[in-house]
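*Asks:* Quick one: the structure is below, questions incoming.
The values are calculated or read from the model by the stated rules, or taken from the named source; none is laboratory data. As the structure is a computational prediction, the values presented were derived from the model and not from experiment. Positions of Cβ are generated from backbone atoms using ideal geometry, with glycine treated the same way; all protein chains shown enter the neighbour counts.
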Number of protein chains: 2
Amino acid sequence: MSPFTRQRSRSVAALGEQKLITEITRWLGSASPKPPRGIGDDCAVLSGTPRDQLITVDPVIYGEHFDDRIPARGAGAKLFNRNLSDIAAMGGRPRAAVIALATAKNLKIEWLRDFYRSIANLARRYNVLIIGGDVAHQAEGLTATMTMLGEAKKKRLLSRKNAKADDLIFVTGKLGGSRLEWHWKFTPRLEEGQWLGKRAEVHAMMDISDGLAKDLPALQPKGTRIALSEDAIPVSKSAKQYSETSGESPLVHALTDGEDYELVFAVSGRTKPKDFIQEWNRHFKTHLTCIGRFVKSRAVSPFDDELDLKRFHGFEHLR
Amino acid sequence: MSPFTRQRSRSVAALGEQKLITEITRWLGSASPKPPRGIGDDCAVLSGTPRDQLITVDPVIYGEHFDDRIPARGAGAKLFNRNLSDIAAMGGRPRAAVIALATAKNLKIEWLRDFYRSIANLARRYNVLIIGGDVAHQAEGLTATMTMLGEAKKKRLLSRKNAKADDLIFVTGKLGGSRLEWHWKFTPRLEEGQWLGKRAEVHAMMDISDGLAKDLPALQPKGTRIALSEDAIPVSKSAKQYSETSGESPLVHALTDGEDYELVFAVSGRTKPKDFIQEWNRHFKTHLTCIGRFVKSRAVSPFDDELDLKRFHGFEHLR
């Protein structure tokens, strides 16, 4: 049987990424444990060793995550940093990685050299060993898949799952405009993630890969509403710049572009945002903003300018 | 810069797989430790935990490892079993896996369901947890990459590196004909590998993925010659069958087809082949053959029918 079809209704495009992942999890059934042990968090957690082990996998695909406009070292950096960002999002420490390369025969040796060299440079900087891989032929293009292994920095790992009603919502850096330029110069928030992992008042965390509008609901506790202050959203310069030609507002770009690789996390509602940010600023130059709160579903809005996130749609793969 | 070129001399095809892997290892430099810690064995070994951890990565690619002639469950089984075979080849125990799926939008949902279900069935059978993955779009075809994690069954892992001069060479099962039918019904030699890992007289081991002629030199100790007895090579029925139409001898198929996923291993020269096989037969129904010996380079041949493996070429990817 051919794996492919001309009927859209029978194809994975009819499901879209989110539903597809739900279906895959269902098909795997008891072979797939619940997150954070299994599918559904930034990394999977493998226990049974003194420290929990972290595993994450992400590819870069020609035409999807990079193209001729970005240099080979940019594609390599992006592959490494996408994975590192997932380790950062659990407050973990990276240890090792393997790279599976599937490529057409006409790949330039020179391009591939720069690609691996840039991965090697980052691996040395972050003390990650590249311990294995695979090389295979595919008819068209290039798909490079990295699996990165890490471990809990302390005993504690920050999953997506433990936010509470009334928790404050913080986001690092500024958002938007990234995917439009095949974002590859970002710095994963590794030290920030590890620091947050040690703070008891931080309840849950993830990185933003498909845009805040699509990603943030994964942190949302049951029985709550995501109440964001529109004015508080940290909009990047790129988002403003692209807005001039895209016909969309800078805010739309900030909420939906994806590939920000910033951290978003939930902090106990008893914390004063100002104090938390002051403490943060003693350690990091990275921008930090309190953008809102997980309020009880029918609570009165804490903001005059409450933003309805459902009006925005983050990046959908496979549509 | 485009990653691709029309000039064959500048492309990875000019290198071929083996040289490409050597180049990649060079490009990675100090970021890549020596095998078995790094690139060059069936699995990479990650230490720092009470038991050494094993990591291996292998894809299945549409048109390369499967096509319309094999069912979705066959492609899934092949992906799982290719990886499991690498764990088996180190004498390890599998623990968990992640799957990165890159696919065109027109992939059939039904096909993908059967693909994941067959992986789940095997995962349950071998007690492997599917703990994570990724879904991404690519323009054409399907590339599914599995990373499998395992651990040493005992303290000892069998790498490719410790064979000695005069060691006997054994191979499990029968060889050849597999790649021609997109081999997917094979059973990885997991229990066999674990049993061999516990035997002190077994010095080194690997699985056969690209054909004995190409793979066996990886076990060969320095200063030795691979002396095989032509008559001893266990030729499969498929190899004989394909020989009728291929114009090649069954022996050529047995030595070069690849995708056998049998184990080949080196046993102390002081062992009597007959005794070892007798002991083996008490545990396994799997066929076992002593096919030769790593003799000192200029030693007189122990066989009347010594086979020169260099006359044969195993499967070369990317050529």
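*Asks:* Considering only the range B:27-59, state which residues are in contact with a Lys or Arg (Cβ under 9 Å, 6 or more places away or on another chain), without any contact (Cβ under 8 Å) to a residue 40 or more places away in the chain and more than 7 Å from chain A (Cβ to nearest Cβ).
*Replies:* B:47, B:48
*Asks:* Quick check, is residue B:271 touching an Asp or Glu at 6+ places or on another chain (Cβ under 6 Å), surrounded by 12 or more Cβ atoms within 10 Å (Cβ to Cβ), in contact (Cβ under 8 Å) with a residue 60 or more places away in the chain and β-branched (Val, Ile, Thr)? Before you say what the answer is, go through the steps one by one.
*Replies:* Values: touching an Asp or Glu at 6+ places or on another chain (Cβ under 6 Å): yes; surrounded by 12 or more Cβ atoms within 10 Å (Cβ to Cβ): yes; in contact (Cβ under 8 Å) with a residue 60 or more places away in the chain: yes; β-branched (Val, Ile, Thr): yes.
So residue B:271 fits the description; yes.
*Asks:* Working only within the range A:60-80, note down all residues that are more than 13 Å from residue B:2 (Cβ to Cβ), touching a residue at least 12 places away in the same chain (Cβ under 8 Å) and not in a helix (DSSP H, G or I). Even if it seems obvious, please write down each step before you answer.
*Replies:* Here is the first cut: in the range A:60-80, the ones more than 13 Å from residue B:2 (Cβ to Cβ) are A:60-61, A:64-65, A:73-74, A:76-80.
Now restrict to residues that are touching a residue at least 12 places away in the same chain (Cβ under 8 Å): A:60-61, A:65, A:73-74, A:76-80.
Hits for the range A:60-80 are A:60, A:61, A:65.
*Asks:* Got at least one residue in the range B:264-276 being under 30 Å from residue B:19 (Cβ atoms) and over 23 Å from the mean Cα position of the chain (by Cα)?
*Replies:* Step one: filter the range B:264-276 for residues under 30 Å from residue B:19 (Cβ atoms), giving B:264-266.
Now restrict to residues that are over 23 Å from the mean Cα position of the chain (by Cα): none.
No, that holds for no residue.
*Asks:* Among the listed residues B:244, B:201, B:248, B:191, which satisfies the condition of being modelled with pLDDT of 95 or more, surrounded by fewer than 17 Cβ atoms within 10 Å (Cβ to Cβ), farther than 28 Å from residue B:79 by Cβ and charged (D, E, K, R)? Write out each step before concluding.
*Replies:* Working: B:244 fails: modelled with pLDDT of 95 or more; B:248 fails: modelled with pLDDT of 95 or more; B:191 fails: farther than 28 Å from residue B:79 by Cβ.
Step by step, each of B:244, B:201, B:248, B:191 is checked, and only B:201 is modelled with pLDDT of 95 or more, surrounded by fewer than 17 Cβ atoms within 10 Å (Cβ to Cβ), farther than 28 Å from residue B:79 by Cβ and charged (D, E, K, R).
*Asks:* Determine, yes or no, whether residue A:85 is within 16 Å of residue B:104 (Cα to Cα) and crowded, with 20+ Cβ neighbours inside 10 Å.
*Replies:* Working: within 16 Å of residue B:104 (Cα to Cα): no; crowded, with 20+ Cβ neighbours inside 10 Å: yes.
No, not satisfied.
*Asks:* Right, something else. Within the range A:60-83, take every residue that is more than 24 Å from residue A:157 (Cα to Cα) and among the aromatic types (Phe, Trp, Tyr) and give me the one that is nearest to the other protein chains (Cβ to nearest Cβ).
*Replies:* Among residues in the range A:60-83 that are more than 24 Å from residue A:157 (Cα to Cα) and among the aromatic types (Phe, Trp, Tyr), the one nearest to the other protein chains (Cβ to nearest Cβ) is A:62.
*Asks:* Taking the condition of being crowded, with 17+ Cβ neighbours inside 10 Å and either under 13 Å from the mean Cα position of the chain (by Cα) or part of a helix (DSSP H, G or I) (or both), how many residues in the range B:219-238 meet it?
*Replies:* Initial filter on the range B:219-238 (crowded, with 17+ Cβ neighbours inside 10 Å): B:219-221, B:224-229, B:233-236, B:238.
When the remaining residues are screened for being either under 13 Å from the mean Cα position of the chain (by Cα) or part of a helix (DSSP H, G or I) (or both), the result is B:219, B:238.
The qualifying residues number 2.
*Asks:* Sort through A:100, A:44 and tell me the only one that's modelled with pLDDT of 95 or more and either of a type outside the set (Val, Ile, Thr) or surrounded by fewer than 24 Cβ atoms within 10 Å (Cβ to Cβ) (or both). Step through it out loud before you land on a result.
*Replies:* Working: A:44 fails: modelled with pLDDT of 95 or more.
The unique qualifying residue is A:100.
*Asks:* Anything in the range A:12-42 that is within 25 Å of residue A:205 (Cβ to Cβ), touching a helix residue (DSSP H, G or I) at 6+ places or on another chain (Cβ under 8 Å) and charged (D, E, K, R)? List them, or say none.
*Replies:* Hit for the range A:12-42 is A:42, nothing else.
*Asks:* Now a separate question. Using the structure shown, decide if residue B:215 is under 30 Å from residue B:127 (Cα atoms), in a loop (DSSP other than H, G, I, E, B) and of a type in the set (Asp, Glu). Before the answer, list the steps.
*Replies:* Details: under 30 Å from residue B:127 (Cα atoms): yes; in a loop (DSSP other than H, G, I, E, B): no; of a type in the set (Asp, Glu): yes.
Criteria not met by residue B:215.
*Asks:* Within the range A:230-241, count every residue that is of a type in the set (Gly, Ala, Ser) and at pLDDT 95 or above.
*Replies:* If we filter the range A:230-241 for residues that are of a type in the set (Gly, Ala, Ser), which is where we start, we get A:232, A:236, A:238-239.
Filter once more, keeping what is at pLDDT 95 or above: A:232.
Of the residues in that region, 1 qualify.
*Asks:* So which residues in the range B:96-154 are touching a helix residue (DSSP H, G or I) at 6+ places or on another chain (Cβ under 6 Å), at the interface with chain A (Cβ under 7 Å from one of its Cβ atoms) and in a loop (DSSP other than H, G, I, E, B)?
*Replies:* Listed by number, the list holds a single entry, B:105.
*Asks:* Of the residues that make up the range A:176-188, is at least one part of a helix (DSSP H, G or I) and within 14 Å of another protein chain (Cβ to nearest Cβ)?
*Replies:* Let us first name the residues in the range A:176-188 that are part of a helix (DSSP H, G or I), namely A:179-181.
Next cut, within 14 Å of another protein chain (Cβ to nearest Cβ) only: A:179.
Within the range A:176-188, one or more residues are part of a helix (DSSP H, G or I) and within 14 Å of another protein chain (Cβ to nearest Cβ).
*Asks:* If the requirement is being in the same structural domain as residue A:135 (by TED's automatic domain parsing) and closer than 22 Å to residue B:75 by Cα, which of these qualifies: A:94, A:59, A:3, A:50? Reasoning before the result, please.
*Replies:* On the way: A:94 fails: closer than 22 Å to residue B:75 by Cα; A:3 fails: in the same structural domain as residue A:135 (by TED's automatic domain parsing); A:50 fails: closer than 22 Å to residue B:75 by Cα.
Just a single option satisfies the conditions, and that option is A:59.
*Asks:* Separate question: Out of (1) more than 18 Å from residue A:99 (Cα to Cα); (2) crowded, with 23+ Cβ neighbours inside 10 Å; (3) among the small types (Gly, Ala, Ser), what's the single condition that is false for residue B:120?
*Replies:* Against the list (1) more than 18 Å from residue A:99 (Cα to Cα); (2) crowded, with 23+ Cβ neighbours inside 10 Å; (3) among the small types (Gly, Ala, Ser), residue B:120 comes up short only on (2).
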